[in-house]
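Remarks on the structure that follows.
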Amino acid sequence: MSQDIFAHLRGRVIAALRELLPELPGDAFARATVEPPREAAHGDMATNAALVVGKAARQPPQKLAAALAERLMQAPEVAEAAPAGPGFVNIRLREDFIRAQLPAILTAGEDYGQGAPKPGRVNVEYVSANPTGPMHVGHCRGAVVGDALAGLLAKAGHDVTREYYINDAGAQVQALAYAAYWRYLQALGTTLTEDEYAQLIPGGLQYRGDYLVPVGEALARHHGDALAEANTVHGPGMAGPDRWFAEVRETTVAMMMAMIRDDLAALGVRHDIFVSEAALVAEGKLDQAEAKLAGQGLIYRGVLEPPKGKTPEDWEPREQTLFRATDFGDEVDRPLRKSDGSGTYFANDIANHLGKLERGFAALVHVWGADHGGYVKRMQAAVAALSGRTVPLDVVLTQIVHVVKDGQPVRMSKRAGSYITLRDLIDEVGRDAVRFTMLTRKADAQMEFDLDLVVQQSRDNPVFYVQYAHARCRSVLRAAGEPTGLATAPLDALSDPAELALIRRMAAWPRLVEAAAAAREPHRVAFFLNDLAADFHLLWNKGREDASLRFIQEGDPEGTRARLALVAATAAVIRSGLGVMGVAPVEEMR
C-alpha cells in the first residue's frame, strides 16, 4: 500500500502528544489532524493537535503547541516545526525525506495511492435513468460522477458494487409503451396521424422521438399485425391494451435498456448489476419492506397536513398508509400506499433499498439529479429504519449541464426529439474529453460544457493541459530510451524548489484519494491532476530557460537518472489519477 506522508506525520504528532500527555486516554487525540497549510509559505503541513487537545490537557493550546513543536523537531523527517496562531503547529519536511517519496511512487507505478482494504462492501447506484429514451446530457454528468466515485472508492480500498436501478414500473413506462405501439402501427402502414392517435390514449402521446421507430419495426417483424385491429379507414388501428400492452411494454423496455447500455459503453461506464423495479414489485419486496417497518411500529394509518403552498381548501385530506419518517430526521411522515393500494414511488424505492441491505452492503451511495434534492431525507430515513441505523446512505446531487458552442446554447437533438443526447456529446468531442470535463466542477454546481473549449489546445482546457503533461513525460522517457531501474537512482541532484514542489504534490496523492473518497467528491481528482500538471509544466518551462534543469543532461548521467525518475513518477501519478476518472492517458499529442 502507498505511504500517506500526512498519515505518517500524524503518527509522529500523536506519539509526541502521548509523551507530553501520558495521563490522557488514547481517544483524546482522535480529532488531531495533519493537513496541508492554508498558505504554502507556512510549510509542508500543519496540525491542529494542540488546539483540540488543549482543553482535555488543561493547558493553554499555544503553550502545548510550543512543546509539541519542540518534540517534532526531533523527528528525522522534520526540518522545522513552529507554533502558530491559537494552537497550530506548522511543519516543514527535510528535503531528503521529500526526495525519498520517489522510489515508493516508482515501485507502485499506477497503483500509487491505492488504499488498504477496508471492511464492508459499498453499493454505488448511479445513472438509473428511466428507460424511456436515449440518455441525455444530464444523465451523462450523473454517469461520469457515479462511475468516477465508484473508481475513487475502489482506489481508497473499498469493495465496490456498481448498480443501476431500472425504473420500469411507473406511469412513464406505461406512456412509453403507448408511444412504442404507435410506432408499431406506423410500421404496419397505418394512416392514423400522431395527433389522432394521441386522442385515443390516456395522457396523450408523450414520447415522439424517432428512437422508438426501431422498436415499432421490431414489433412488426416479430408479431406481424397480431397486436393491431383492422380498420378499413385508417388501415391497422389500435387494439385493446389487454391484447398488446404487456408484450409491447416488455419489448420496449428491453430495447431501451439495450440502447442505454450501448450509450454507457461508449462513455466507458460499466455497472456490475442491474435491478428492475418491476421485478422487485412482482416478487413482493414492497410487502416485505412494509412488514419489516410495521414490525418496528413505524407504519400507521393517518392523514397528512396539506403540502407547502397548498391551502386547506385546495387539499383533499384522506387516510393513507404512512411511514414514520419523522422518527429518523425527515420533516413529515411519508405515504407508502396509494388509494388503490399500490405502492407509491417512495415505497418501491424502500423495496429497492431493502434488497441492497439483504445483500449485505455496509454503506450505500447514490448519485441523483439535483431535482431529487427534496427526496434525500426520506430515503435516508427509510434506510436508517430498515438497517437499525447501522448502514449510512450518502447522496451526491448533480446539477444541470448547459452545452454551448460558439457562445450559444446547442440546439436539441433531432433523434431524441427534445434534448441533447449523451451520444451527441461523445460524437462531438470524444469520450475522454466528456468524462474529464464533467469532473472539473463540483457535482452540485451548475456547469457550462463548452464544446469549443474542450477541444482547444490551451492552458484553459484542463483536459488538454493534463494530457499534455503526460505526453511530455512520455516524450522525455522515449528520448532517453525508456530507462529502467529508476527507483534505485540517486536523487541528490533534485534540489530546485520546482523539483521538490513536484514531488510534494505527488506525495499528497494517497491522502487526496482517502479524503476525496470519504467526502464522496471525485472532482477533487481532476483538481489535483490540474495542479500536478501545472507543477510539471512549470518545471519544463524552467528547463527551457535554465539548461541545468533540463531532464536529460549530457555528461551528467547521475543527474539525468534522478530527473528521469522524477519524470517517470509524474507520468505514473497522472495515470493513477486518470484511471480513477476513467480517462485514458495519451502517449503523444497530435
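The values are calculated or read from the model by the stated rules, or taken from the named source; none is laboratory data. On a predicted model such as this, the values are computed, not experimentally measured, just so you know. As a convention, Cβ positions derive from the backbone with ideal geometry for all residues, glycine included, and neighbour counts pool all protein chains shown.
Condition (residue is farther than 23 Å from ILE420 by Cα and surrounded by fewer than 18 Cβ atoms within 10 Å (Cβ to Cβ)) applied to the stretch 136-152: is it met by at least one residue? Please lay out each step first, then the result.
Filtering the stretch 136-152 for residues farther than 23 Å from ILE420 by Cα gives 149-152.
With the extra rule that they be surrounded by fewer than 18 Cβ atoms within 10 Å (Cβ to Cβ), the set shrinks to none.
No, every residue in the stretch 136-152 fails to be farther than 23 Å from ILE420 by Cα and surrounded by fewer than 18 Cβ atoms within 10 Å (Cβ to Cβ).
Can you name every residue in the stretch 538-590 that is at pLDDT 95 or above and among the hydroxyl-bearing types (Ser, Thr, Tyr)?
Passing the criteria: THR560, THR570, SER576.
Quick one: what pairs do we get from the stretch 540-558, first residue farther than 17 Å from PRO497 by Cβ, second surrounded by fewer than 13 Cβ atoms within 10 Å (Cβ to Cβ), C-beta under 7 Å, 6+ apart or different chains?
ILE552/ALA479; GLU558/PRO490
Being assigned to a helix (DSSP H, G or I), surrounded by 19 or more Cβ atoms within 10 Å (Cβ to Cβ) and at pLDDT 95 or above narrows it down to one of VAL269, VAL248, so name that one. Spell out how you get there, then give the answer.
Numbers: VAL269 fails: assigned to a helix (DSSP H, G or I).
Among VAL269, VAL248, only VAL248 is assigned to a helix (DSSP H, G or I), surrounded by 19 or more Cβ atoms within 10 Å (Cβ to Cβ) and at pLDDT 95 or above.
In the stretch 126-179, which residue that is within 12 Å of the chain's Cα centre (by Cα) and in a loop (DSSP other than H, G, I, E, B) is nearest to LEU200 (Cα to Cα)?
Of the stretch 126-179, the ones within 12 Å of the chain's Cα centre (by Cα) are 126-127, 140-154, 162.
Then drop every residue that is not in a loop (DSSP other than H, G, I, E, B), which leaves 126-127.
Working: TYR126: 36, VAL127: 33 Å.
Looking at residues that are within 12 Å of the chain's Cα centre (by Cα) and in a loop (DSSP other than H, G, I, E, B), I get VAL127.
With respect to ALA498, determine if the residue is touching an Asp or Glu at 6+ places or on another chain (Cβ under 6 Å), aliphatic (A, V, I, L, M) and either touching a residue at least 12 places away in the same chain (Cβ under 8 Å) or assigned to a loop (DSSP other than H, G, I, E, B) (or both).
Numbers: touching an Asp or Glu at 6+ places or on another chain (Cβ under 6 Å): no; aliphatic (A, V, I, L, M): yes; either touching a residue at least 12 places away in the same chain (Cβ under 8 Å) or assigned to a loop (DSSP other than H, G, I, E, B) (or both): yes.
It is false that ALA498 is touching an Asp or Glu at 6+ places or on another chain (Cβ under 6 Å), aliphatic (A, V, I, L, M) and either touching a residue at least 12 places away in the same chain (Cβ under 8 Å) or assigned to a loop (DSSP other than H, G, I, E, B) (or both).
Inspect all residues belonging to the stretch 272-295 and state whether any of them is in contact with a strand residue (DSSP E or B) (Cβ under 8 Å, 6 or more places away or on another chain), in a loop (DSSP other than H, G, I, E, B), farther than 30 Å from LEU422 by Cα and at pLDDT 95 or above.
no
Give me a count of the residues in the stretch 28-40 that are in a helix (DSSP H, G or I) and at pLDDT 90 or above.
If we filter the stretch 28-40 for residues that are in a helix (DSSP H, G or I), which is where we start, we get 28-29, 40.
Narrowing the set further to residues that are at pLDDT 90 or above leaves 28-29.
The number of residues fulfilling the criteria is 2.
Output the number of residues of the stretch 370-391 satisfying the condition of being hydrophobic (A, V, I, L, M, F, W, C) and surrounded by fewer than 20 Cβ atoms within 10 Å (Cβ to Cβ).
Narrowing the stretch 370-391 to residues hydrophobic (A, V, I, L, M, F, W, C): 370, 376, 379, 381-386, 391.
Those still in the list that are surrounded by fewer than 20 Cβ atoms within 10 Å (Cβ to Cβ) too: 370, 376, 384, 391.
Looking only at that region, the number is 4.
Quick one: count up the residues across the stretch 110-130 that are touching a helix residue (DSSP H, G or I) at 6+ places or on another chain (Cβ under 6 Å) and either of a type in the set (Val, Ile, Thr) or surrounded by 21 or more Cβ atoms within 10 Å (Cβ to Cβ) (or both).
So the answer is 8.
Checking ALA479 against (1) in contact (Cβ under 8 Å) with a residue 24 or more places away in the chain; (2) closer than 30 Å to HIS158 by Cβ, which test does it fail?
(2) is the only condition that ALA479 fails.
Kindly indicate whether ASP44 is surrounded by 14 or more Cβ atoms within 10 Å (Cβ to Cβ) and acidic (Asp, Glu). Give the derivation first.
Values: surrounded by 14 or more Cβ atoms within 10 Å (Cβ to Cβ): yes; acidic (Asp, Glu): yes.
Here the answer is yes, as ASP44 does meet what is asked.
So which residues in the stretch 519-561 are aliphatic (A, V, I, L, M) and surrounded by fewer than 20 Cβ atoms within 10 Å (Cβ to Cβ)?
Filtering the stretch 519-561 down to residues aliphatic (A, V, I, L, M) leaves 519, 525-526, 529, 532-534, 538-539, 547, 549, 552.
Within the stretch 519-561, ALA519, ALA534, LEU538, ALA547, LEU549, ILE552 qualify.
Consider only pairs whose beta carbons are under 9 Å apart and that are at least six residues apart or on different chains; among these, list those whose first residue lies in the stretch 334-355 and is buried (at least 19 other Cβ atoms within 10 Å of the Cβ) and of a type in the set (S, T, N, Q) and whose second residue is modelled with pLDDT under 95 and in a loop (DSSP other than H, G, I, E, B).
Between residues of the stretch 334-355 that are buried (at least 19 other Cβ atoms within 10 Å of the Cβ) and of a type in the set (S, T, N, Q) and residues that are modelled with pLDDT under 95 and in a loop (DSSP other than H, G, I, E, B), the close pairs are ASN348/ASN167; ASN348/ALA169; ASN348/GLY170.
Considering only the stretch 210-224, I want to know if a residue exists there that is of a type in the set (A, V, I, L, M, F, W, C) and within 20 Å of SER128 (Cβ to Cβ).
Restricting attention to the stretch 210-224, the residues satisfying the condition of being of a type in the set (A, V, I, L, M, F, W, C) are 212-213, 215, 218-220.
Next, only the ones that are within 20 Å of SER128 (Cβ to Cβ) stay: none.
There is no residue in the stretch 210-224 that is of a type in the set (A, V, I, L, M, F, W, C) and within 20 Å of SER128 (Cβ to Cβ).
Please return the ranges of helices (runs of 4 or more DSSP H) entirely within the stretch 366-445 where 2 or more residues are assigned by TED's automatic domain parsing to the domain that holds PRO134 and in contact with an Asp or Glu (Cβ under 8 Å, 6 or more places away or on another chain). Reasoning before the result, please.
Values: elements: 376-387, 422-429, 431-438.
Answer list for the stretch 366-445: 376-387.
Within the stretch 70-109, track down each residue that is surrounded by fewer than 21 Cβ atoms within 10 Å (Cβ to Cβ), of a type in the set (Gly, Ala, Ser) and either in a loop (DSSP other than H, G, I, E, B) or assigned by TED's automatic domain parsing to the domain that holds ARG575 (or both).
Scanning the stretch 70-109 gives ALA75, GLY85, ALA100.
Of ALA508, ALA493, which residue is under 28 Å from the mean Cα position of the chain (by Cα) and under 20 Å from LEU93 (Cβ atoms)? Please lay out each step first, then the result.
On the way: ALA493 fails: under 28 Å from the mean Cα position of the chain (by Cα).
It is ALA508.
All but one of (1) buried (at least 17 other Cβ atoms within 10 Å of the Cβ); (2) free of Cβ contacts under 8 Å to residues at least 40 places away in the same chain; (3) in a loop (DSSP other than H, G, I, E, B) hold for THR484; state the number of the condition that does not hold.
Going through (1) buried (at least 17 other Cβ atoms within 10 Å of the Cβ); (2) free of Cβ contacts under 8 Å to residues at least 40 places away in the same chain; (3) in a loop (DSSP other than H, G, I, E, B) one by one, THR484 breaks only (1).
Can you tell me which residue among GLU316, GLU247, GLU305 is within 30 Å of LEU422 (Cα to Cα) and either without any contact (Cβ under 8 Å) to a residue 60 or more places away in the chain or not polar (S, T, N, Q) (or both)? Can you show your working first?
On the way: GLU316 fails: within 30 Å of LEU422 (Cα to Cα); GLU305 fails: within 30 Å of LEU422 (Cα to Cα).
Going through GLU316, GLU247, GLU305 in turn, just one is within 30 Å of LEU422 (Cα to Cα) and either without any contact (Cβ under 8 Å) to a residue 60 or more places away in the chain or not polar (S, T, N, Q) (or both): GLU247.
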